[in-house]
Amino acid sequence: MNILDRIIIDKRREVILKKSIIPVSQLEASVLFDRKTISLSQNLKNSNSGIIAEHKRRSPSKAEINYSFTVEEVVKGYENAGACGISVLTDGKYFGGSLDDLLLARASVNIPLLRKEFIVDEYQILEAKAHGADLILLIAAVLTRDEIKSLSEFAKSLDLEVLLEVHNSAELEKSIMPSLDMIGVNNRNLKTFEVSLDFSKQLADKIPTDFVKVSESGISSIEAINELKPYGYKGFLIGENFMKTNNAGESAKEFISKL
Ligand SMILES: O=C(O)c1ccccc1NCC(=O)[C@H](O)[C@H](O)COP(=O)(O)O
């Protein structure tokens, strides 16, 4: 079984357990539930840099990345660097993240926050809203078209934007629908961990112009961004390249200043 399938099996179990402990009414009672969200897609359209910086402690493709800074320090550093938005990984088992990370990030910055999670159930979207997210990620590789439709429409009903992630043309073709805001091409194959910017380049023309295009993963140089921009990409999701340094915020600042 590949890692993505394993993550999804664990995630479905986790959601069942969480639902039995924290009722929806408790999520809806969060003071953040009625908060007006901030649009990442608008920020990306109006930005020259387009950087979405990620808080990522570790990942299945790389054991530990960085533990020396607090969530607050990292996300404030990203905001100060001029990032358009921040992605916060909330999966615990494989990425060492949590919903508390999202909450701490929300309390620290005023730019859009993506709940980076393996979403398989509306409950996780309610959690995202209750913990201060502005947008959610849906991964086409693990969802049917009907699931993408119902989950994205549910997110939109809560005023959350939706970033749909694809890795190949079959995933893209099955997923295009009006309830998405941004389409992200993951340069990392989540089943084999192969990374190549060619995935973004090959799919670019197939993404309808109504969606903001985001290139995700494996981006570590200004040259990579300059290569991707002519393909219409407005957003660039970067995690490891910043988090592996001894100061993620400063590293993002130096990177963005060169764009
Ligand atoms: O990063 C992984 O190893 C990974 C493995 C399995 C599923 C998802 C995974 N990553 C999530 C992401 O999408 C990345 O963290 C994000 O795009 C940033 O990538 P990078 O800049 O390469 O850290």
Exercise. Could you give every pair whose Cβ atoms fall below 7 Å, whose first residue belongs to the stretch 125-146 and is at pLDDT 95 or above, and whose second residue is of a type in the set (Phe, Trp, Tyr) and outside any loop (DSSP other than H, G, I, E, B), counting only separations of at least 6 or pairs across chains?
Worked result: Ile125/Phe154; Lys129/Phe33; Ala130/Phe33
Problem set entry | Test: Thr70 is of a type in the set (S, T, N, Q) and touching a Leu at 6+ places or on another chain (Cβ under 7 Å) | no
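In the list Tyr78, Tyr94, which residue meets the criterion of being over 27 Å from Val212 (Cα atoms) and within 15 Å of the ligand (Cβ to nearest atom)?
Values: Tyr78 fails: over 27 Å from Val212 (Cα atoms).
Residue meeting the stated conditions: Tyr94.
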Exercise. Looking only at residues in the stretch 183-194 that are surrounded by fewer than 22 Cβ atoms within 10 Å (Cβ to Cβ) and without any contact (Cβ under 8 Å) to a residue 60 or more places away in the chain, which one is farthest from the ligand (Cβ to nearest atom)?
Worked result: Glu194
Seminar exercise, completed: Residue hits (the stretch 148-159; touching a helix residue (DSSP H, G or I) at 6+ places or on another chain (Cβ under 6 Å) and either of a type outside the set (A, V, I, L, M) or buried (at least 20 other Cβ atoms within 10 Å of the Cβ) (or both)) are Ile148, Phe154, Ala155
Seminar exercise, completed: Of the listed residues (Leu259, Leu180, Leu203), the one being under 25 Å from Ser39 (Cβ atoms) and under 17 Å from the mean Cα position of the chain (by Cα) is Leu180
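When you go through Gly77, Gly97 one by one, which is the residue that is at pLDDT 95 or above, outside any loop (DSSP other than H, G, I, E, B), surrounded by 17 or more Cβ atoms within 10 Å (Cβ to Cβ) and of a type in the set (Gly, Ala, Ser)? First the steps, then the outcome.
Details: Gly97 fails: outside any loop (DSSP other than H, G, I, E, B).
From the options Gly77, Gly97, the qualifying one is Gly77.
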Exercise. Does Ile16 qualify as being not in a loop (DSSP other than H, G, I, E, B) and not aromatic (Phe, Trp, Tyr)?
Worked result: yes
Seminar exercise, completed: The number of residues in the stretch 199-242 that are β-branched (Val, Ile, Thr) and either touching a His at 6+ places or on another chain (Cβ under 9 Å) or near the ligand (Cβ under 9 Å from one of its atoms) (or both) is 2
Seminar exercise, completed: Matching residues in the stretch 132-151 (more than 15 Å from the chain's Cα centre (by Cα) and away from the ligand (no atom under 16 Å from the Cβ)) number 8
Seminar exercise, completed: Reported set for the stretch 1-51 where residues are more than 16 Å from the ligand (Cβ to nearest atom) and of a type in the set (S, T, N, Q) is Ser20, Ser25, Gln26, Ser30, Thr37, Ser39, Ser41, Gln42, Asn43, Asn46, Ser47, Asn48
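So, in the stretch 19-57, of the ones that are in a loop (DSSP other than H, G, I, E, B) and among the hydroxyl-bearing types (Ser, Thr, Tyr), which residue ends up nearest to Ser221 (Cα to Cα)? Please lay out each step first, then the result.
So the first thing to find is which residues in the stretch 19-57 are in a loop (DSSP other than H, G, I, E, B), and the list is 22-23, 29-30, 35-39, 46-50, 56-57.
Filter again for among the hydroxyl-bearing types (Ser, Thr, Tyr), leaving 30, 37, 39, 47, 49.
Numbers: Ser30: 39, Thr37: 31, Ser39: 26, Ser47: 18, Ser49: 13 Å.
Checking each candidate, the answer is Ser49.
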Problem set entry | Unmet requirement for Leu113, which otherwise passes all of (1) within 15 Å of the ligand (Cβ to nearest atom); (2) farther than 18 Å from Leu27 by Cβ | (2)
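The values are calculated or read from the model by the stated rules, or taken from the named source; none is laboratory data. Predicted, not measured: the structure shown is a model, and the values here were computed from it. As a convention, Cβ positions derive from the backbone with ideal geometry for all residues, glycine included, and neighbour counts pool all protein chains shown.
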